[in-house]
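Asks: Here you go, one structure.
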Amino acid sequence: MKYFDLSMETKALAEPGEFEGYASTFGNVDQGGDVVMRGAFLESIKASKAANRIIPMLWQHDQHEPIGVWREIKEDKQGLFVRGKLLIDTDPLAKRTYGLIQEGAIGGMSIGYRIPVGGAGPDPKRRDVAQLKTVDLREVSLVTMPMNIEARITAVKAALESGMLPTIREFEEILRDAGFSKSLAAALASAGKPHLRGEPEVKADDALRFLERMRG
């Protein structure tokens with residue numbers, strides 16, 4: 001699963017718990033070096049409706065914390081427009097989230113998606129930028145702070161400590177998701193090859209120190 005974040009641009013509607021805004025906009029490059037192109041969501045939205053598949057509204061990308069329902073998800077000229085309702089009458093977290101939205105304390109919305117084969121390609125005019133031409137939309141979350149790099153680094157540290165090392169390619173993808181550019185993610189992943197390969201001379205403490213340097 002990949003994520004694309006956007007600063008919150010929403011407005012509350014007349015009915016309590018309802019709000020609308022943009023979960024993604026076209027043309028802007030996110031911290032991971034990706035840009036969503038117009039038309040990227042059309043196929044996914046159509047397929048979801050045909051299969052009667054719900055695109056969930058989550059809190060912080062946590063699949064165990066659905067906090068509302070999306071009444072409308074569509075593409076327009078600006079981006080991915082969403083209109084939803086937080087379940088403030090039955091879910092305390094949804095009620096608190098709605099209050100945070102009203103006070104401007106929520107930082108943004110973020111989409112969780114997968115890229116089908118051929119769905120992305122390099123930007124012809126911008127180095128280290130990938131154009132997302134077709135994406136499979138899986139969920140739309142309300143998030144406090146987009147691009148939580150600390151959470152990604154913690155996940156990698158846990159993997160090292162448990163002995164379940166990611167591959168170099170997986171590690172590079174984690175870095176891209178965390179907000180590093182394509183070139184920097186590749187350089188960091190390359191520098192960490194001995195740790196990721198689990199070479200005998202590399203101690204776990206050395207691997208953790210490598211991650212600390214990467215984070216700092």
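FYI, it's all coordinate maths here, none of it is from the lab. What you are looking at is a predicted structure, and each value in this text was computed from that prediction instead of being measured. Here the Cβ is made from the backbone with ideal geometry for all residues, glycine too, and neighbour counts use every protein chain on show.
Asks: Which net charge results when you count Lys and Arg as +1 and Asp and Glu as -1 among the other residues whose beta-carbon is under 9 Å from that of Pro56?
Replies: Surrounding charge for Pro56 is 0.
Asks: Using 0.36 nm times the number of residues separating Gln63 and Arg114, minus their current alpha carbon distance, what extension gain do you get?
Replies: Length gained between Gln63 and Arg114: 16.8 nm.
Asks: Another question, if that's okay. Nearest 0.05, what FRET efficiency do Thr144 and Lys74 give at R0 = 30 Å with Cβ-Cβ as r?
Replies: The value I calculate is 0.70.
Asks: Among Lys2/Lys125; Lys49/Lys74; Lys2/Lys95; Lys2/Lys133; Lys74/Lys133; Lys85/Lys133, which pairs are too far apart, with a Cα-Cα distance over 20 Å?
Replies: As for pairs spanning more than 20 Å Cα to Cα, those are Lys2/Lys125; Lys2/Lys95; Lys85/Lys133.
Asks: Take the Cβ-Cβ distance between Lys46 and Ala191 as r, set R0 to 35 Å, and report the resulting FRET efficiency rounded to the nearest 0.05.
Replies: Once rounded, the FRET efficiency stands at 0.25.
Asks: Of all trypsin sites (Lys or Arg not before Pro) in the range 17-119, which ones are in loop regions per DSSP and have a Cβ with at most 16 other Cβ atoms within 10 Å?
Replies: Filter output for the range 17-119: Arg38, Arg53, Lys77.
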